[in-house]
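Here the structure comes first, spelled out in structure tokens, and everything after it is commentary.
The values are calculated or read from the model by the stated rules, or taken from the named source; none is laboratory data. All values derive from a computational prediction rather than experimental measurement. Ideal geometry is used to build each Cβ from the backbone, glycine not excepted, and the neighbour counts take in all protein chains shown.
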Amino acid sequence: MADLKLYGFNMSTFVRTVRIGLHEKGLEYDSMPLEMGSEEHFKLNPFGKIPVLVHSDNTIFETLAIAAYLDAHFDGPRLIPEGAASVRTLQWISTMNDTVQRQLGMGVIFERLAKPHFGMETDEAVIAENLPKVERIFAALDAAVGDGGHFGGTEPTQADWQLLPTLYYASLCPDTQGLLAAQGNLSGWLDRMNERPSVQATVPQMG
Ligand SMILES: N[C@@H](CCC(=O)N[C@@H](CS)C(=O)NCC(=O)O)C(=O)O
């Protein structure tokens, strides 16, 4: 058994972010089964969310806090740069967790891909309301990443790993894949990130 235990299912975007970070740092971990909403789950995270990382006596929830924990306790490339260089990384993580999650994650991808997967009905009105907002998000992300860059600067950081799982789903989603492909910098960034071993090792199995 590895010393690091990660709780949460692999289709979750936030769980994938943590998995990518663990791979980038070269850390071994065990993916632990967890019944969502169970007593065990609420013991690990009082808010019933995933991912949760357990290391020795420490239990950490919230994806950004897990990245900070990994940087504080383990060697390997930093997920969150130190000092002033952290600002841009934190800015894009915060944008991901707020605007991108609400408008693209919940507003389109959850409706189109996740709901049918879980036997629920897609609300077309929610998607129609969010698509113009998603177009604005893609344009802003395209400008931010530029030609050949990353969200936190010249090297990949936690900002890339937080955005990637949702943008990966956007590239599969019929409502958004054309909008994404139209943004050359952003789709080029996704292509480059998709080639990294950490990203390839964490592709969610949709079955
Ligand atoms: N702010 C949390 C968000 C995590 C999150 O929303 N996880 C989803 C799965 S992708 C979840 O646990 N959903 C179950 C629920 O909200 O009850 C983080 O950064 O880790």
_Subset of region 109-154 [small (G, A, S), over 18 Å from the mean Cα position of the chain (by Cα) and under 20 Å from T13 (Cα atoms)]_ = G119
*Within region 143-186, how many residues are of a type in the set (G, A, S) and either buried (at least 17 other Cβ atoms within 10 Å of the Cβ) or not in a helix (DSSP H, G or I) (or both)?*
9
*So, of the residues in region 168-191 that are within 18 Å of the chain's Cα centre (by Cα) and without any contact (Cβ under 8 Å) to a residue 24 or more places away in the chain, which turns out to be nearest to N97 (Cα to Cα)?*
S171
_Single condition F118 does not satisfy, out of (1) in contact (Cβ under 8 Å) with a residue 24 or more places away in the chain; (2) surrounded by fewer than 18 Cβ atoms within 10 Å (Cβ to Cβ); (3) aromatic (F, W, Y)_ = (1)
*Filter region 1-21 for residues that are in a helix (DSSP H, G or I) and either in contact with a helix residue (DSSP H, G or I) (Cβ under 7 Å, 6 or more places away or on another chain) or at pLDDT below 95 (or both) and give the result.*
T13, F14, R16, T17, V18, I20, G21
*Do you know which residues across region 70-97 are more than 10 Å from the ligand (Cβ to nearest atom) and within 23 Å of M11 (Cβ to Cβ)?*
L70, L79, W92, T95
